[in-house]
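What follows is a set of notes on a single structure, which appears directly below.
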Amino acid sequence: MTHFGTPYIDQLLEQITAKLLDNLTARQIEDYYLIGIHSGGVWVAEALQQRLNLRTPLGTLNINFYRDDFSQRGLHPRVLPTRLPFDVENAHVVLVDDVLMSGRTVRAALNEVFDYGRPASITLVTLFDIGRRELPISADICGEHLALPAPLRVKLRGPNPLTADIVDPKAHHE
């Protein structure tokens, strides 16, 4: 299987940082908050927050209760609770996830964010996009587009260092 080491992930994060700054500048957005989706999205958001030198607090989302497959998956025992230490009402939000696949995780995250208020805008950032969309959701900024056949997925490992592997979940028991 393919391995993406720390230098490669760092390169993707640098590209994402530059694209995000360009995107926000073009839209004349100066004040914004990062929100990471547990757990890999939080790791990516933390890395972006450092690169952007943001002094605003980082928000984190636990979308487990918002998933449309919660009754089948249940609650992951290691996921931390949602923490949004700022008001999302009329705020510009950058929603960060590690891997975009079906779009269902992002849909759940959007539902949760809107339960806290109505943001002025939401920009979606992902480290990897592997396609296979089930919902009409796409990232505004993506580090790497990978066309992976089912059942292959990207598994982010971290938080320090950040690495990723292409895995077959049917062959791995993690």
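A short reminder: the numbers here are calculations on the coordinates, not readings from a lab. Bear in mind the structure is a predicted one, so any value in this text is a computation, not a measurement. Please note: Cβ atoms are built from the backbone with ideal geometry, for glycine as well, and neighbour counts cover all protein chains shown.
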*Go ahead and set up a Gaussian network model of the chain, Cα springs under 10 Å, then flag whichever of Leu100, Leu12, Leu135 fluctuates most.*
Leu135
*Be a star and scan segment 26-40 for residues whose amide nitrogen sits under 20 Å from the point 7 Å along the Cα-to-Cβ vector of Glu134.*
37-40
*Roughly what % of DSSP beta bridges within the chain run antiparallel, to the nearest 5?*
30 percent
*Given springs between every Cα pair under 10 Å in a Gaussian network model of the chain, which of Arg132, Arg107, Arg55 has the largest fluctuation?*
Arg55
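With each run of n ≥ 4 DSSP H residues scored as -39500 (n - 2.57), what mean residue ellipticity at 222 nm is computed for the chain after dividing by its residue count and rounding to the nearest 500 deg cm²/dmol?
Values: 4 runs with 51 residues, N = 174.
After summing the helix terms and dividing by residue count, I get -9000 deg cm²/dmol.
Just rank Phe4, Phe65, fewest to most, by other beta-carbon atoms within 10 angstrom. Each step should come with its number before you reach the end.
Details: Phe4 22, Phe65 11.
Exposure proxy ranking, most exposed first: Phe65, Phe4.
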*Highest GNM mean-square fluctuation, the chain, Cα pairs closer than 10 Å: which of Pro136, Pro81, Pro161?*
Pro136
*Calculate, axis by axis, the spread of Cα positions in the chain along the three principal axes, and write the results as whole Å, longest axis first.*
45, 38, 29
